Each structure stands twice: as C-alpha cells, then as structure tokens.
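One structure is given below, encoded as structure tokens.
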Amino acid sequence: MDDLIRETARRLATARRVVALTGAGISVESGIPPFRGPGGLWEKYDPMEFAHIDALMKNPEKVWKIFMGDMKRVLLAAKPNDAHLGLARLEFLGILKTVITQNVDGLHQMAGSTDVIEFHGNFAWLQCMDCGARAETVSVDLNIVPPRCACSGIYRPECVFFGEMIPREALVRSQELASTCDVMLVAGTSAIVQPAAFMPVIARQAGAVVIEINPEPTPLTGHTSHFLVQGKAGQVIKAVTAEVERLLEEKRP
Ligand code: APR
C-alpha cells in the first residue's frame with residue numbers, strides 16, 4: 001500500500017476533528033465533468049457568459065438552454081462513487097465530522113453523509129426570479145426551457161453563480177470548522193476559486209494537518225497542504241477508509 005495512504009489513514013484514525021473540502025473532481029468518477037482541466041466545462045463554455053449572475057439575469061433562456069441543459073442531464077443521472085461513499089463511511093465511523101463541498105450535485109448526501117455544507121448552493125432546488133417561490137428541481141419539468149413558476153416567472157437553480165455571495169451560514173460555519181479541525185482532507189478541487197480555496201489556508205494556520213487527494217498538484221501543494229496523495233479520489237478514499245477500519249479494528253480491546 002502507498003505510504004501516503006497509510007499516513008492519511010493513521011492521521012484520520014487518531015484525529016480529534018476531521019473536516020473534508022471537496023470539489024468537482026470528486027464527482028468525475030460519477031460521470032460529472034469538472035470545470036477546469038481535461039474535459040472541463042469551462043473548456044466548452046465561458047463561465048462569465050454562462051455561470052455569472054449578470055448573464056443569468058440578462059438572458060436566463062440562454063443560460064438554461066445551453067449550460068443548464070448539459071448540466072441537468074448529468075446532474076440528475078449521477079450516482080455517488082467510492083469517494084462519496086468512503087467519506088460517508090468515515091462519518092459513520094465517527095472519524096469525519098463535516099463535508100464542505102463546492103459541488104451542487106447532492107452526491108455526498110445521496111451517499112449517506114449527513115453533515116454537508118453546500119458552499120456553492122445546490123441544483124436540487126429552484127427559486128422563481130420574480131415571486132421567490134421555491135420548488136424541488138425534480139418536481140419541475142426541465143424539458144420546458146427556461147422552466148417557469150406558476151406566476152410565469154423564470155426559475156433559477158439555488159446554485160451560487162459567479163458574482164454572488166456565498167450563503168452566509170455556509171461561509172461562517174466553514175470558517176469555524178476550518179479553524180477548529182485538526183485534519184482537513186482536500187479532495188478533487190483545483191483550489192482556485194475563493195473563498196472556498198481559503199478554507200485549507202485557515203486550517204493550516206490553525207495548526208491542522210492538510211491532506212490533498214488529487215491526480216494533479218494544486219496551488220495548495222507544497223506549502224498549504226502537508227502532502228498530496230496523487231490519485232483519483234474514488235480509489236484513494238476507498239483505500240484510506242479500508243485502512244482506517246483496519247486500524248480501528250486493531251485498537252479494539
Ligand atoms: N479524483 C480527484 N480529483 C480529480 C479527479 C478525480 N478522479 N479528476 C479530476 N480531479 C481534480 C482536478 O485535477 C482538479 O484539480 O479535480 C479538480 C477539479 O477542479 P475544478 O474543475 O476547478 O473544480 P472545483 O475546484 O470544484 O471548482 C471550484 O469553480 O467554477 C466554479 O462553482 C464552480 O464549484 C466550482 C468552483
């Protein structure tokens with residue numbers, strides 16, 4: 001077994017409070033493309049033209065037709081992979097306290113994680129841009145583009161678009177967790193978008209061990225994170241979780 005897998009499991013098994021920060025990379029093995037890097041959505045669409053709040057307000061039809069059309073198909077069909085399932089298992093074992101996710105796919109909750117902070121909102125709920133009425137995405141016919149509320153206003157997903165604030169409760173709670181954890185797993189994020197990418201910095205400054213799981217290094221690698229377990233999140237987290245279970249078994253009287 002990879003030494004870093006063993007080291008990660010050892011740190012987790014003896015930690016007081018573990019928090020995970022996840023990004024789009026953790027859902028790649030569920031068939032959802034990332035935003036950056038090979039096959040990334042931002043290679044196909046200009047985020048400022050399709051994922052900025054100004055673009056949505058100016059031309060909601062275009063945003064829904066182009067960007068949401070692609071997104072809804074993958075989001076509504078996706079299932080959790082070994083990475084989501086492993087993190088949910090670590091929560092069940094009492095090792096992982098909270099997942100702070102930048103993803104809007106709801107796969108952590110579907111995998112069984114119960115304490116998930118949706119830092120960039122979610123695609124599970126829509127809100128009317130006129131009257132503010134909310135509806136569950138699955139209850140709305142997304143073949144009608146753009147989907148409309150009974151008041152005939154256009155629905156928008158409750159994701160955080162570029163140019164919008166992070167939901168206050170999510171930001172405050174994430175900062176509090178980052179500053180009080182003793183291990184932070186950072187899985188599947190390019191660590192470019194702020195303020196999400198600052199959570200590992202807060203954790204490191206507070207004395208936590210920051211461990212990255214990613215096939216590629218990121219701007220955190222080499223100074224904010226203590227080490228990078230280079231690999232796919234599904235494989236790495238599955239192996240780490242199995243090793244944690246072995247260590248816990250060993251400790252049992
Ligand atoms: N396992 C783990 N990591 C992976 C995998 C995998 N199988 N495949 C790709 N990655 C890594 C990539 O190397 C990259 O570092 O996942 C990361 C994906 O980065 P982004 O696509 O930038 O996703 P993310 O970091 O979540 O983006 C942050 O940007 O556009 C906004 O709101 C959007 O929440 C998103 C935010």
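The values are calculated or read from the model by the stated rules, or taken from the named source; none is laboratory data. Predicted model only: the values in this text are computed from it and were never measured. Reconstructed Cβ throughout: ideal geometry from the backbone, glycine too, with neighbour counts over all protein chains shown. To get the accessible areas, we keep the full protein, side chains included, count just its heavy atoms, and leave off ligands, DNA and RNA. Shrake-Rupley method; radii C 1.70, N 1.55, O 1.52, S 1.80 Å.
Structural remarks
- Report note on the peptides 51-57, 163-169, 195-201: ranked by the mean count of other C-beta atoms within 10 Å, highest first, their order is 195-201, 51-57, 163-169.
- Burial ranking of peptide ranges 132-140, 2-10, 41-49 (average Cβ count within 10 Å, highest at the top): 2-10, 41-49, 132-140
- Cross-linked pairs Lys65/Lys238; Lys65/Lys97; Lys44/Lys232; Lys62/Lys232: Cα-Cα separations exceed 32 Å for Lys65/Lys238; Lys65/Lys97; Lys62/Lys232.
- Surface composition of segment 118-199: carbon plus sulfur atoms hold 55% of the accessible area, using a 1.4 angstrom probe and ignoring ligands, DNA and RNA.
- Degrees, to the nearest 10: 168-180 long Cα axis against longest axis of the chain: 10
- Rounded to the nearest 20 debye, the dipole magnitude of segment 27-85 is 180 debye, with +1 charges on Lys and Arg beta carbons, -1 on Asp and Glu beta carbons, and the Cα centre as origin.
- Dipole magnitude of segment 119-185 about its Cα centre (Cβ charges: Lys, Arg +1; Asp, Glu -1), debye to nearest 20: 160
- Placing unit charges on the Cβ atoms only, positive for Lys and Arg and negative for Asp and Glu, gives segment 66-151 a dipole magnitude near 60 debye about its Cα centre.
- For segment 143-224, Kirkwood radius (reciprocal of mean inverse C-alpha pair distance, Å): 15.0
- Relative contact order, percent, segment 147-220 [alpha-carbon distance under 8 Å, six or more residues apart]: 29
- Helical runs (DSSP H, four residues minimum) scored at -39500 (n - 2.57) apiece and divided by the length of the chain put the mean residue ellipticity at 222 nm at -10000 deg cm²/dmol.
- Considering only alpha-carbon pairs that sit under 8 angstrom and 6 or more positions apart, the relative contact order computed for segment 1-127 is 27 percent.
- With contacts taken as Cα pairs under 8 Å and at least 6 residues apart, the chain reaches a relative contact order of 25 percent.
- Net charge over other residues, Cβ less than 14 angstrom from the Cβ of Ala133 (K, R count +1; D, E count -1): 0
- Treating each Cα of the chain as an identical point scatterer and summing with the Debye formula, the log10 of I(q)/I(0) at q = 0.15, 0.17 Å⁻¹ comes to -1.03, -1.26.
- Rg/Rh (Cα only; Kirkwood hydrodynamic radius) as it applies to segment 190-253: 1.07
- Available extension along the chain between Gln205 and Val138 is 20.0 nm, counting 0.36 nm per residue and deducting the alpha carbon span.
- Working note: Karplus 6.51/-1.76/1.60 with θ = phi - 60° gives segment 215-228 the couplings x, 10, x, 10, x, 7, 5, x, 9, 7, 8, 5, 7, 10 Hz, where Gly and Pro are set to x.
- Rg/Rg_ref, segment 1-151, where Rg_ref = 2.2 N^0.38 Å and atoms are Cα: 1.20
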